[in-house]
Number of protein chains: 2
Amino acid sequence: MPTQARPATVTAQRPTGQPNVAGQTNKIIAPKLKVYALGGLEEIGRNCTVFECGADIIIIDIGFMFPEEGMPGIDYIIPNFSSLKGKEQNIRGVIVTHGHMDHIGGIPLTIGSLGFPVIYTAPLTAGIIRKRHEEFGNPKQLKIQLVKDGMKIAMGRHFVFEPFHVNHNISDAFGAALHTPYGTILYTGDFKFDFTPVNDEPADLTHIAMFGARGVLALMADSTNAESPGHQISEKQVGAEMDRIFAAAKGRIIIGTFSSLLTRAQQIITLAEKYGRKVLIKGRSMQTNIDLAHSMGYMKIKPGIIAEDHEANRLSDEKVVILCTGAQGEKNAALMRIANNEDRFIHIQPGDSIVFSSSVIPGNERTVQSLKDTLVRQGATVFHYQNLDVHAGGHAKQEDLKLMMRLTKPRYYMPIHGNRFLLEANARLAEEVGMPRENVFVAENGQVVEYDNKGARLTEEKVNTDHIMVDGLGVGDVSQVVLRDRIALAEDGIFVIIATIEQKTGKLIGSPDIISRGFVYMRENKELIEKARAKVKKILTDTDKRSPAFEEHIRNKVRNDMGQFLFTATKRRPMILPVIIEV
Amino acid sequence: MPTQARPATVTAQRPTGQPNVAGQTNKIIAPKLKVYALGGLEEIGRNCTVFECGADIIIIDIGFMFPEEGMPGIDYIIPNFSSLKGKEQNIRGVIVTHGHMDHIGGIPLTIGSLGFPVIYTAPLTAGIIRKRHEEFGNPKQLKIQLVKDGMKIAMGRHFVFEPFHVNHNISDAFGAALHTPYGTILYTGDFKFDFTPVNDEPADLTHIAMFGARGVLALMADSTNAESPGHQISEKQVGAEMDRIFAAAKGRIIIGTFSSLLTRAQQIITLAEKYGRKVLIKGRSMQTNIDLAHSMGYMKIKPGIIAEDHEANRLSDEKVVILCTGAQGEKNAALMRIANNEDRFIHIQPGDSIVFSSSVIPGNERTVQSLKDTLVRQGATVFHYQNLDVHAGGHAKQEDLKLMMRLTKPRYYMPIHGNRFLLEANARLAEEVGMPRENVFVAENGQVVEYDNKGARLTEEKVNTDHIMVDGLGVGDVSQVVLRDRIALAEDGIFVIIATIEQKTGKLIGSPDIISRGFVYMRENKELIEKARAKVKKILTDTDKRSPAFEEHIRNKVRNDMGQFLFTATKRRPMILPVIIEV
């Protein structure tokens, strides 16, 4: 968010949170303040933090995360708000720090059940949230209150919210200062310090330092890069490296990046203008985001610089830049389709310079590697962040985090945004700058940090943060049972046995049917299938039909015996589904 | 393999390959030499290269690789020898460069079908191959001929094989010099130069330089680390870093590493002796390998230094080192079991220092991260190669590769062992040291490089290298169809519909049965299941039973209509299995 002249504060009343910004120790009559994360402390993504003081609840960010291993078929995971069940009317607002999916992705699926509280956010983020809300076909209008640096917004009796500008790799990112009855808590959100940002103002160091000067109760800071030494590089530096690639490239330049990385897109468009190239944008989400940011004035694009699909083949190679999604190797994303020759217009050719202008999200390493292999095999030259500075991360590295600590001088410190290992790394940084370890809280998702007149502590209280999995239209309807079945099915497939039995006599009618999928290729394993069929026949013939609960009994017997038989024959354990039809 | 005084050569005859070591251009009357890789050029693992000259075939290494994404349930993948079908009697031997699974893992499942050719390898590798062969319950004795540096071994009319010692992170690794009718081809295998190795001699630079002096036709060199600048670090350096950890640790030290990394195990045992700790070895493969190497004299272990499981709890924390498998987060491996509290004796406690003395194999990043999280959550301190030099890779980095090129001065260069991206990076290094690009062959698996009197060239000829997938006892019986089914089942599960129909009337008997697994949790979705059942009933009632091929037709109709119905209701596409029983 661009820094602006500070407007008059919009504080409507004088809540308890207001007077105590200096963190004095004079006794305050207010309920305990509870702070806990509903996500983001044991994973990357699903960022969501709750602040609760008496009848006032504030939520910061509602992100989603992509499924972990062992969650086949799941689209994504959203925060679990069961801890707020019945207290929806206490929610004073949802503060959204910036427009990335790990901070906004859960909004469309949860905001209704939270009773449509007001969303406080910056203009670009608001645009992205609205767009996504529409895509979900949500009829009800969101309540969004735009905020900017310098505002102070009362939220209930106990909180005053004051945004402060930070850098990230999307414009309009801010950190949230929450003035509470016990002092000011700073929540950085995703942040970095960029002294030479693109399409953005530098983080407001003065504003941040002023918090420090007045006294900060606690700092909650981004751990994503807490294991990386040094300072994060500036977006401008990426531009300089890209400039060298543009200057040297004789053929087409193809750049894959995150669709939300609009500052990067801006730099590429600016370089295209400089080098007389036209830009072809591939990928729906990239196109949507650029259109949105451009229409809101967050991007500067000269007329005529953006090319249409059909123009691409008319322009000579040295006149084209292709800006596309898919640098993470996502199925069906633009770069993937181009690499696999599935795009109608663009095909890789020798002489293409391809830039992966992004880091690799953990878990995508093999897919990205195989995408690069495919591109290189077709004669392209590939540049990536491991061999060139073609990507600047959006997160504070170790020295940046120390700078944030030195500027704000918090009494308590709580690492957020990262799995346990990163949270611990972040905590060690706090120790390095001299914070006593007992004032540093490394919490789990749902674990409550309590603030009151006596100070703060990490409690043993934990709210429910079970995964809410989204699969197609289903939200939370995929249980552990279903996942376990999917994993078992993926491992060794399924083996369905259908036997028809005459009800009166208990006699098997005909031969049992056997259908298998994902186990062995049936056509080439007729002998095994025949043996299995004979085995089923024998089980059914030998079993005493007069036994009570015959059907249940015979099903279990078929399941166990056939499981054993198939395991001995193949060392595989397909799921066995016995179906007994009585006629 | 320790360098030794050169024994007399064991060359029995004077094959055509012998006289031409200097790569002279005088005309040679011999068949064309074909060289191709059956694996290792588009992947990490499955290393296997074939040299064929007239009626002489040499194979170097028969490794396996772990499954890639999209291969659920597969155990591993072995080389496809269909190109040698019918020519088994021409195989003059299998040269095995060292004892890692990506070089030996395919032997037990293929050596029989190749007609049990002689395996030429060093003693430790031989021991590991024999052990693995036994584990597979193979009755027939392998034919193994031990080799050592300085030997020259005739293999058929056209080849003389001469091993030369290199370093890797297992003892007894060698490169293979093959003297062919057209000159000497050097195959590095996995290699690094370690001037201060552990339990090993340094790579024999003199021997390697002598090849260069006499003339080298082609160099085939390891690309694994061809993208890493600089030199690979020495195993000794890891020892020095470990020493600092041992000196500082007050509690237990737990070290996870590869079970085959015996030089690392040696260093840890030596450090334990120095610091008065006992070593507890956890993990069957680690135990087996250490026993084997120790019994063969490849490891020095003082009596009494190895502790038994039950001793671990009697010894005080500062007297214990636990050396274990599972640093890749492998399910059921020792460190994983310890972290998850599944080990009977060892439980993580605050004060434990845990060292991940290994790199992370691509694809394992998330699992390893989650393992570290689990350990850190229990209060342990974790050291890994990203923050300390606790692991030395076994592969030449860029400067090492250049050193190998400068020493051997080959006419042709062929990067091996690595996916396309790494092969290209390796090829660029060859260009950097001045080799003409047309003499550098970046091949695909199965693509034939041809050598004759006119020189060498990368041809368009390709032999079959289709994956042979191993799943349980099945070798090659999992087809693409089966894999596709497994992936589909994992994504959205299965929906089985069983309808019984009276043959005479074509009438539905009773209500159709519905069983689903991995789709939705049936108990909580009764309404959907009931709707589905009604829909099936309607389809069966409405369909004209007099149509020809009624059963096939009705099955397709149920599959399509129910697929559409479930997709509309859930946006999921379970596999639909219609079963029509006619009675």
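The values are calculated or read from the model by the stated rules, or taken from the named source; none is laboratory data. These numbers were taken from a predicted model, which means no experiment stands behind them. Methodologically, a virtual Cβ is constructed for each residue, glycine included, from the backbone with ideal geometry; neighbour enumeration extends over all protein chains shown. SASA here: full protein model, heavy atoms, side chains in, ligands and nucleic acids out. Shrake-Rupley method; radii C 1.70, N 1.55, O 1.52, S 1.80 Å.
In the stretch B:369-482, what is the volume of the convex hull around the alpha carbon atoms, normalised per residue and reported in Å³? Could the numbers behind the result be given before it?
Numbers: hull volume 23.5 nm³, N = 114.
Spread over its residues, the Cα hull of the stretch B:369-482 gives 206 Å³ apiece.
Based on the Cα coordinates of the protein assembly as shown, what is the per residue volume of their convex hull in Å³?
That works out to 207 Å³ per residue.
If you take the beta carbon distance between A:K32 and A:F116 as r and set R0 to 35 Å, what does 1/(1 + (r/R0)^6) give as a FRET efficiency, to the nearest 0.05?
On the way: r = 28 Å, r/R0 = 0.79.
About 0.80, to the nearest 0.05.
Karplus couplings for the stretch B:518-529 from phi (6.51 cos²θ - 1.76 cosθ + 1.60, θ = phi - 60°), rounded to Hz, Gly and Pro as x?
Residue by residue, the stretch B:518-529 yields x, 9, 10, 6, 4, 4, 9, 10, 4, 4, 4, 5 Hz.
Provide the descending list of Cα extents for the stretch B:103-225 along its principal axes, expressed in whole angstroms.
Here the Cα extents, ordered largest to smallest, are 46, 38, 25 Å.
Counting other Cβ atoms within 10 Å of each Cβ, which chymotrypsin sites (Phe, Trp or Tyr not before Pro) in the stretch B:64-170 have at most 15 and sit in a DSSP loop? Walk me through the numbers on the way to the answer.
On the way: sites: B:F64, B:Y76, B:F81, B:Y120, B:F136, B:F159, B:F161, B:F164; in loops: B:F64, B:F81, B:F136.
Of the chymotrypsin sites (Phe, Trp or Tyr not before Pro), the ones in loops of the stretch B:64-170 whose Cβ has at most 15 other Cβ atoms within 10 Å are B:F136.
What are the extents of the Cα atoms of the stretch A:415-493 along their three principal axes, listed from largest to smallest and rounded to whole Å?
Reported extents, whole Å, longest axis first: 56, 27, 21.
Relative to the present Cα-Cα distance, how much length would full extension add between A:T459 and A:R523 at 0.36 nm per residue of separation?
On the way: separation 64, 0.36 × 64 = 23.04 nm, distance 6.07 nm.
Full extension from A:T459 to A:R523 adds 17.0 nm.
Scan around B:N445 for amide H atoms under 5 Å from its own, H built in the peptide plane at 1.01 Å from N, and keep only partners 5 or more places away or cross-chain.
B:L41, B:E42
Across every pair of different alpha-carbon atoms, what Kirkwood hydrodynamic radius in Å does the stretch A:461-519 reach?
Computed over the stretch A:461-519, the radius equals 15.2 Å.
Take the Cα atoms of the stretch B:432-583, find their three principal axes, and give me the spread along each one in whole Å, biggest first.
Dimensions of the stretch B:432-583 along the principal axes of its Cα atoms: 79, 38, 32 Å.
How are the alpha carbon pair distances in the stretch B:251-298 distributed across 10 Å bins from zero to the largest one, expressed in percent?
25, 59, 15, 0
Could you work out how far helix B:205-214 tilts from the main Cα principal axis of chain B, as a 0 to 90 degree angle to the nearest 10?
Computed tilt is about 80 degrees.
In the structure displayed, which of A:K131/A:K462; A:K236/B:K397; A:K282/A:K372; A:K538/B:K526; A:K504/A:K557 lie more than 24 Å apart, Cα to Cα?
Values: A:K131/A:K462 34 Å; A:K236/B:K397 31 Å; A:K282/A:K372 18 Å; A:K538/B:K526 35 Å; A:K504/A:K557 21 Å.
From the list (A:K131/A:K462; A:K236/B:K397; A:K282/A:K372; A:K538/B:K526; A:K504/A:K557), the Cα-Cα distance tops 24 Å for A:K131/A:K462; A:K236/B:K397; A:K538/B:K526.
Which shape class, rounded, prolate or oblate, goes with the stretch A:499-583 when its Cα gyration tensor gives a ≥ b ≥ c as root eigenvalues, a/c under 1.5 marks rounded, and past that a/b bigger than b/c marks prolate?
Prolate.
Tell me the accessible surface of A:I74 in square angstrom (1.4 angstrom probe, heavy atoms of protein chains only), to the nearest ten.
Solvent-accessible area, nearest 10 Å²: 10 Å².
Looking only at the protein assembly as shown, where both bridge partners belong to it, what percent of the DSSP beta bridges are antiparallel (to the nearest 5)?
So the antiparallel bridges in the protein assembly as shown amount to around 50 percent.
Once you sort the root eigenvalues of the Cα gyration tensor of the stretch A:294-375 as a ≥ b ≥ c, which label holds: rounded (a/c under 1.5), prolate (a/b larger than b/c) or oblate (the other case)?
oblate
Pick out, from B:T121, B:S370, B:P197, the residue whose Cα sits farthest towards the positive end of the charge dipole of chain B, with +1 on the Cβ of Lys and Arg and -1 on the Cβ of Asp and Glu.
Result: B:T121, furthest along the dipole toward the positive end.
With all pairs of different alpha carbon atoms counted, what Kirkwood hydrodynamic radius in Å does chain A show?
About 26.9 Å, per the Kirkwood formula over Cα pairs.
Starting from the stretch B:481-583, pick out the GluC sites (Glu not before Pro) whose DSSP state is loop and whose Cβ has at most 16 other Cβ atoms within 10 Å.
B:E502
Loop-only trypsin sites (Lys or Arg not before Pro) in the stretch A:109-166, please: DSSP not H, G, I, E or B, and at most 11 other Cβ atoms within 10 Å.
Sites meeting the loop and neighbour criteria: A:K140.
Starting at 0 and stepping by 10 Å, how many percent of the alpha carbon pairs of the stretch B:237-339 end up in each bin?
15, 51, 32, 1
Ordered by residue, what ³J(HN,Hα) values in Hz, to whole numbers, does the stretch B:36-46 give under the Karplus form 6.51 cos²θ - 1.76 cosθ + 1.60, where θ = phi - 60° and Gly and Pro are x?
The phi angles translate into 8, 9, 8, x, x, 9, 10, 6, 9, x, 6 Hz.
Could you work out how far apart the two model spin labels at B:E438 and B:L146 are, taking each label as a point 7 Å from the Cα in the direction of the beta carbon, and quote it in nm?
Spacing of the two 7 Å Cα→Cβ label points: 4.9 nm.
Using the beta-carbon distance between B:K409 and A:L388 and R0 = 30 Å, what value does 1/(1 + (r/R0)^6) give for FRET efficiency, to the nearest 0.05?
0.45
Going Cα to Cα from B:K143, which aspartates and glutamates come in below 16 Å? Please leave out same-chain ones fewer than 8 positions away.
Filter leaves B:D61, B:E88, B:E134.
Mind scanning A:K148/A:K278; B:K278/B:K331; A:K152/A:K300; A:K27/A:K87 and naming the pairs with a C-alpha gap bigger than 32 Å?
Distance filter (> 32 Å) returns A:K148/A:K278.
What net charge is computed for the residues neighbouring A:L38, neighbours being all others with C-beta under 15 Å from the C-beta of A:L38, Lys and Arg scored +1, Asp and Glu -1?
-4
As a test of the formula, what do you get for chain B when each DSSP H run with n ≥ 4 contributes -39,500 (n - 2.57) and the sum is divided by the residue count, at 222 nm and rounded to the nearest 500 deg cm²/dmol?
-8500 deg cm²/dmol
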